[in-house]
Amino acid sequence: MTFDLASLGWDDSFAAAYRPHDLRGQQPARVSRVDRGVCTVLTRNGSLRASLAGRMLCAIADDPLRLPCVGDWVVARTWPDDRVTVEAVLPRRSAVVRNSAARDSLGQVLAANLDIAAVVEPMEPSPDSGRVERLLALAHKSGAQPAVILTKSDLAADPRAVAEQVADAAPGVPVHAVSAATGDGMAELRGFLGAGTTALLGPSGCGKSSLVNALAGATVMATRPRRVDRKGRHTTTYRALVPMPSGGAVLDTPGLRAVGLFDTGPGLERAFADIEVLAAGCRFADCVHDQEPDCAVRAAIDSGDLPARRLASWRKLRREHAWESRRRRGR
């Protein structure tokens, strides 16, 4: 199967970055999967398996963030013996980066070159607003357009009320309620996603793989039946870029159990834009919204305009971001 690179997101900006690499035996490719340093890449000639070139291994040793990830555009070289290697990663237009799981201060790129970074949260059981806020901080920092997709709307007694509740934790961010099982909301979601690249970020069992299958109109990702308590099951174990029939691609990810913040200061500001706007009305510029007089943020909580839970979440994520920043500076 061959691929139309334009339908996968190739455009003039990537072409300009690729031009210095335009040598015989080399071609542009998009990474659709990475397994222990071996990439599956999509090219005009089809899907290929590619190892990392020596120059790539040296670059990664200096900076782990240069490791190819799903969504990257790379330079793939085919050798006379039919081996394929990844020679370079083209500059990323956007990237979702979290703190690595190891006890270091290095980041891990989850997905690259996205148009939309969608936080996926199930309506059943009840959505976790704190988790939505954390993932939205990463989405805002990525450079892609953040969005929230609420799955399993068919299991919610009042999907509109649930969507309104989540919207309070996602100011200025589009919120879509859908059901992959019944098709409710899917047409509107397809129209919103368009022909770009969308990454799905969310916990295990939230319905990401079922959502990908519904968008593709075919079973392209494995799923498992719901548990008796109606919770989803952990199924996907790798990140995968799935081309859509109508153009564009959707990037499915394994369930994110722990998402550490990595250099997400601007992302936090945008994820909590409502608090930032309110804080401008505080008497003191360095107000921490605790016991200071004339605090506009606490006044909004007292009036019911701002949930107290949201201020507590803002404080928690700011503390985590400050700790992570100090740890990186101390390396």
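Results for (1) surrounded by 18 or more Cβ atoms within 10 Å (Cβ to Cβ); (2) in contact with a Ser or Thr (Cβ under 8 Å, 6 or more places away or on another chain); (3) over 30 Å from ALA16 (Cβ atoms); (4) in the same structural domain as ALA181 (by TED's automatic domain parsing), shown as yes or no for each residue.
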{"site": "ARG77", "(1), (2), (3), (4)": "yes, yes, no, no"}
{"site": "ASP81", "(1), (2), (3), (4)": "no, no, yes, no"}
{"site": "GLU87", "(1), (2), (3), (4)": "yes, no, no, no"}
{"site": "SER129", "(1), (2), (3), (4)": "yes, yes, yes, yes"}
{"site": "LEU136", "(1), (2), (3), (4)": "yes, no, yes, yes"}
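Among the residues of region 150-180, write down those that are farther than 23 Å from PRO307 by Cα and touching a Gly at 6+ places or on another chain (Cβ under 9 Å).
Correct list: THR151, LYS152, SER153, VAL178, SER179, ALA180.
Scanning for something closer than 22 Å to ALA137 by Cβ, assigned to a loop (DSSP other than H, G, I, E, B) and within 25 Å of the chain's Cα centre (by Cα), does region 272-280 turn up at least one residue?
Applying the first criterion (closer than 22 Å to ALA137 by Cβ) to region 272-280 yields 272-280.
Adding the requirement that they be assigned to a loop (DSSP other than H, G, I, E, B) leaves 272, 280.
Checking which are within 25 Å of the chain's Cα centre (by Cα) leaves us with 272.
The answer is yes, given that some residue of region 272-280 is closer than 22 Å to ALA137 by Cβ, assigned to a loop (DSSP other than H, G, I, E, B) and within 25 Å of the chain's Cα centre (by Cα).
Can you say whether ALA59 is small (Gly, Ala, Ser) and either assigned by TED's automatic domain parsing to the domain that holds ALA240 or under 22 Å from THR2 (Cβ atoms) (or both), as far as the supplied structure shows? Break it down into steps so the answer makes sense when it comes.
Numbers: small (Gly, Ala, Ser): yes; either assigned by TED's automatic domain parsing to the domain that holds ALA240 or under 22 Å from THR2 (Cβ atoms) (or both): no.
Answer is no for this residue.
Only one of ARG55, ARG92 is in a loop (DSSP other than H, G, I, E, B) and surrounded by fewer than 23 Cβ atoms within 10 Å (Cβ to Cβ); which? Talk me through it step by step, then tell me what you get.
Values: ARG55 fails: in a loop (DSSP other than H, G, I, E, B).
Result of the check over ARG55, ARG92: ARG92.
Looking only at helices (runs of 4 or more DSSP H) that lie completely in region 151-247, which have at least 3 residues being among the small types (Gly, Ala, Ser) and modelled with pLDDT under 95?
Numbers: elements: 159-168, 186-193, 208-216.
Because the criterion is at least 3 residues that are among the small types (Gly, Ala, Ser) and modelled with pLDDT under 95, the helices (runs of 4 or more DSSP H) in region 151-247 that meet it are 208-216.
Give me the pairs: first residue in region 198-220 and more than 12 Å from PRO122 (Cβ to Cβ), second residue of a type in the set (Lys, Arg) and modelled with pLDDT under 95, beta-carbon distance under 6 Å, and six or more apart or on different chains, which are they?
LEU200/LYS208
Quick check on region 118-145: of everything there that is assigned to a helix (DSSP H, G or I) and of a type in the set (D, E, K, R), which residue is nearest to GLU164 (Cα to Cα)?
GLU133
The values are calculated or read from the model by the stated rules, or taken from the named source; none is laboratory data. As the structure is a computational prediction, the values presented were derived from the model and not from experiment. Virtual Cβ from ideal backbone geometry, glycine too; neighbours counted across all protein chains shown.
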